[in-house]
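Following: one structure in structure tokens, then a few remarks.
The values are calculated or read from the model by the stated rules, or taken from the named source; none is laboratory data. Here the structure is a predicted model, which is why all the values come from computation and not from measurement. Quick reminder, even Gly has a Cβ in these numbers, built from the backbone with ideal geometry, and neighbours come from all protein chains shown. Surface areas here come from the heavy atoms of the whole protein model, side chains and all, with no ligands, DNA or RNA. Shrake-Rupley method; radii C 1.70, N 1.55, O 1.52, S 1.80 Å.
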Amino acid sequence: MSSNSEQFASDNYSGICPEALEYMLRANQASAPAYGNDEWTQKAADYFRELFEIDCEVFFAFNGTAANSLSLAALCQSYHSVICHETSHIETDECGAPEFASNGSKLLLAKGENGKLTPQAIEAVVTKRTDIHYPKPKVISITQATELGTLYTPEELLGIKEVAKKYNLKIHMDGARFANAVAAMNKSPAEITWKSGVDVLCFCGTKNGMALGEAIIFFNKALAEDFDYRCKQAGQLASKMRFISAPWLGLLETGAWLKNARHANLCAEYLENQLLKIAGVEMLFPREANAVFVKLPEQVIYSLKAKNWQFYTFIGVGGVRLMCAWNTTQARIDELIKDIQIAIA
């Protein structure tokens, strides 16, 4: 098997989609002002305002860890805390960056079925302790789609909004796969963000077909005060910003952001349907976006690894995550299914 074949470990494995690459090449045709003072960055920010149907503040960062960490730091002080699901990316995969960026804001973990926080779980954390010796809850962080590939419905988001309002909490949304959520739910971006109480969204471009780049969107503009300075201090102010913002404009103007997400979701649906036809295969979580979580016999996992299939195994013994991307093909899925069938047989 070729080492550069499509894999299912992560949508980060994919290359740059044609639309993002074309706009990057257009931005490279001549010189332009540095540090975001260019027409590409302005146009991309304005397009986000149009897409979300609101006058919002838009910033660009290199990656999701920086976007999440800096936006959370803007929402709370060092003596505050952030309520998040125990499987959230800010807890399990960001190396303490949120705490580092905020000078120590503590992450308070809550449980929830299929990777989702509930109003009840949030309230339990908020009311656990209210004395001055405990970090004061200030932010709720939710992930859309979640780390387990599931989605918060508009009704669930509104429930979280109510508990946030009750306890004067801000809401941060980690949108690593926000495009996939929009595509799967057939809801407008506005409906599942600021109309549902979200104060700031970190919208990922990398997993949606860009080389790198994250848009940090403050729907509550007051919270974005001096955020540009925060980005600069953290090394997230790109001198040639147009090479982050122009690919974003390519995704947005052409509709590729939604097309790419729909394709990835449909590939995951096809993959799930093919897996369900195989005896001995068990789904671990509902498949709602572009991730398929499946339990495979250990000998099957060893066999696939020996054939250079790459995927993550972290949901206990036999748990496998298979992720589809904008460039996943049905033919490649069929190859994987065939190798699973051979291994089981």
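Numbers for the structure displayed
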{"read-out": "Average silhouette area of the stretch 18-255, convex hull of alpha-carbon atoms, in square nanometres", "value": "12.0 nm²"}
{"read-out": "Charge dipole magnitude, Cβ of K and R +1, D and E -1 - the chain, Cα centre, debye nearest 20", "value": "340 debye"}
{"read-out": "Part-to-part distance (alpha-carbon centres) for the stretch 276-345 and the stretch 209-227, which is given in Å", "value": "35 Å"}
{"read-out": "Approximate spin-label separation ASN220-GLN233, in nm, with each point projected 7 Å along Cα-to-Cβ", "value": "2.0 nm"}
{"read-out": "Whole-number accessible area per residue in Å² for the chain, which is evaluated in the context of all protein chains at 1.4 Å", "value": "44 Å²"}
{"read-out": "MRE, 222 nm, helices only [DSSP H, n ≥ 4, -39500 (n - 2.57), over the chain, to nearest 500]", "value": "-12000 deg cm²/dmol"}
{"read-out": "Long-range tail of P(r) for the stretch 257-344 (Cα pairs > 21 Å, %)", "value": "24 percent"}
{"read-out": "Fraction of beta bridges assigned by DSSP in the chain that are antiparallel (%, nearest 5)", "value": "50 percent"}
{"read-out": "Those Cys residues of the chain for which no other cysteine Cβ falls under 4.7 Å", "value": "CYS17, CYS56, CYS76, CYS84, CYS95, CYS202, CYS204, CYS231"}
{"read-out": "Cβ-defined net charge surrounding ALA176, 13 Å radius [Lys, Arg +1; Asp, Glu -1]", "value": "-4"}
{"read-out": "The stretch 257-344, accessible surface, carbon-and-sulfur percent (1.4 angstrom probe)", "value": "54 percent"}
{"read-out": "For ARG262, solvent-accessible area (1.4 Å; no DNA, RNA or ligand), Å²", "value": "120 Å²"}
{"read-out": "Proximal charge balance of GLU191 [Cβ under 13 Å; K/R count +1, D/E count -1]", "value": "0"}
{"read-out": "Sites GLN310 and LYS240 - FRET efficiency at Förster radius 35 Å, r taken between beta-carbons, to 0.05", "value": "0.65"}
{"read-out": "Nearby lysines by direct alpha-carbon distance to LYS338 (threshold 30 angstrom, same-chain neighbours under 8 apart not counted)", "value": "LYS207, LYS259, LYS277, LYS295, LYS305, LYS307"}
{"read-out": "Set of aspartates and glutamates near LYS232 by C-alpha distance (under 19 Å), chain-local residues within fewer than 8 positions excluded", "value": "ASP38, GLU57, GLU99, GLU214"}
{"read-out": "Candidate aspartates and glutamates for bridging to LYS165, where Cα separation is under 14 Å - those fewer than 8 sequence places away on the same chain excluded", "value": "GLU123, ASP199"}
